[in-house]
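Asker: Sharing a structure with you now.
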């Protein structure tokens, strides 16, 4: 009788023992993030010499490299058949901007009616040491305006108050931003005393999105970026900065362990921003691609293939290191922004 009772309770005793052992064991370490760095921000240009002159002469970037590539591996990486690309990498401070001209086949220009709340919109934010001087410098060089003028965000906004910003355009029509942080905001490196440099580096690239939670599932939950801050911006200053009447934005900033941040711009109002065209290709001038570094491109491919649109057919192995990495793939986020995930 006693043996039968012990046998009846044995499964329950084993279950309790396993539960106690699980509670006593230390928690498992979290898996490392898929992306370790935001390596560079890139855009397609129509005339490389003109673009390089603008970024070096007007914005103080310096040239790092200038290469020309062609072949099937690059075609599969970018999703453009018969391509020949000239790629120039430029540096400002610690950050890198990559310009690509498609010598063949040429893509389409940026449509003239693109608005700042359309979801194809992307820009880079360049930090300046003095907004007044920087704005005058840009005026002297006759840049095209995207804002009505520099805007100082109001003090009632705890996360954005005191920030000065101005949108303008490069020769191809890509939107750029100059940004100045008050002393209590921004990274410490933007507040180095005694510098005579006017343009300091790239703080972030901003992308317009349709749904913050949906984008967080891609950038935070899949890629492993960390949320660094958020803000809700509105008012006449924001309207004039973005040139969007009634603009009210939910802004979320994310970062990897290294490199500039990626900033979401979700327009709470107006909600009439147009989705990105699914017909956009990497040789179209509206195309941007942000390069993200991963430890294992194969693992990245498996995670991204499960829920997102790959432009590349999968991980592409390159024949050389002219682009600074040996394996990579191009993927689109939920709103169509291109991320180039690479393994060095």
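Asker: Please compute the contact order of the chain in relative form: average sequence separation of alpha-carbon pairs under 8 Å and at least six residues apart, divided by the residue count, as a percent.
Answerer: Reported relative contact order: 22 percent.
Asker: Follow-up question, since we're still on this one. If a/c stays under 1.5 just call it rounded; otherwise compare a/b with b/c (prolate if a/b is bigger, oblate if not). Do that for segment 106-148, with a ≥ b ≥ c from the square roots of the Cα gyration tensor eigenvalues.
Answerer: In terms of gyration-tensor shape, prolate.
Asker: Moving to a separate point now. What fraction, in whole percent, of alpha-carbon pairs in the chain exceed 33 Å separation?
Answerer: 31 percent
Asker: Using 0.36 nm per residue, how much length does the chain from residue 169 to residue 31 gain when fully extended, once their Cα-Cα distance is taken away?
Answerer: 45.6 nm
Asker: Rounded to the nearest 5, what is the percent of antiparallel bridges among the DSSP beta bridges in the chain?
Answerer: The answer is about 75 percent antiparallel.
Asker: Measure off 7 Å from each Cα along the Cα-to-Cβ vector at residue 185 and residue 211, then give the distance between these two points in nanometres to one decimal.
Answerer: The answer from the label model is 3.0 nm.
Asker: Compute the length gained on full extension between residue 63 and residue 320: take 0.36 nm times their separation in residues and subtract their Cα-Cα distance, giving the result in nm to one decimal.
Answerer: 90.4 nm
Asker: For a test of the definition: using alpha carbon positions, the gyration tensor, and the 1.5 limit on a/c, classify segment 128-201 as rounded, prolate or oblate.
Answerer: It is oblate, given that a/c is not under 1.5 and a/b is not larger than b/c.
Asker: From the helices alone, meaning DSSP H stretches of at least four residues, give me the mean residue ellipticity at 222 nm for the chain, per-run term -39500 (n - 2.57), in deg cm²/dmol to the nearest 500.
Answerer: So the helix-based figure for the chain works out to -5500 deg cm²/dmol.
Asker: For segment 40-98, calculate the relative contact order in percent as a whole number, restricting contacts to Cα pairs under 8 Å that are 6 or more residues apart.
Answerer: Relative contact order comes out at 39 percent.
Asker: Between residue 258 and residue 221, what is the label-to-label distance in nm when each label sits 7 Å out along the Cα-to-Cβ direction?
Answerer: Going from the residue 258 label point to the residue 221 one covers 2.9 nm.
Asker: Simple spin-label model, 7 Å along Cα-to-Cβ: residue 140 to residue 296 in nm?
Answerer: The modelled label-to-label distance comes out at 5.4 nm.
Asker: Continuing with this model, one more query. Using a/c under 1.5 as the rounded threshold, could you call segment 53-126 rounded, prolate or oblate? The axes a ≥ b ≥ c are square roots of the C-alpha gyration tensor eigenvalues, and prolate needs a/b larger than b/c, oblate otherwise.
Answerer: Cα axes put segment 53-126 in the oblate bin.
Asker: Can you grab the distance from the C-alpha centre of segment 168-193 to the C-alpha centre of segment 46-87, Å, no decimals?
Answerer: 24 Å
Asker: If N is the number of residues in segment 105-237, what value comes out of its Cα radius of gyration divided by 2.2 N^0.38 Å?
Answerer: Dividing the Cα Rg of segment 105-237 by 2.2 N^0.38 Å gives 1.15.
No lab work stands behind these numbers, since they all come straight from the coordinates. Being a predicted model, the structure only gives us computed values, none of them experimental. So basically every Cβ, Gly included, is an ideal-geometry build from the backbone, and we count neighbours across all protein chains shown.
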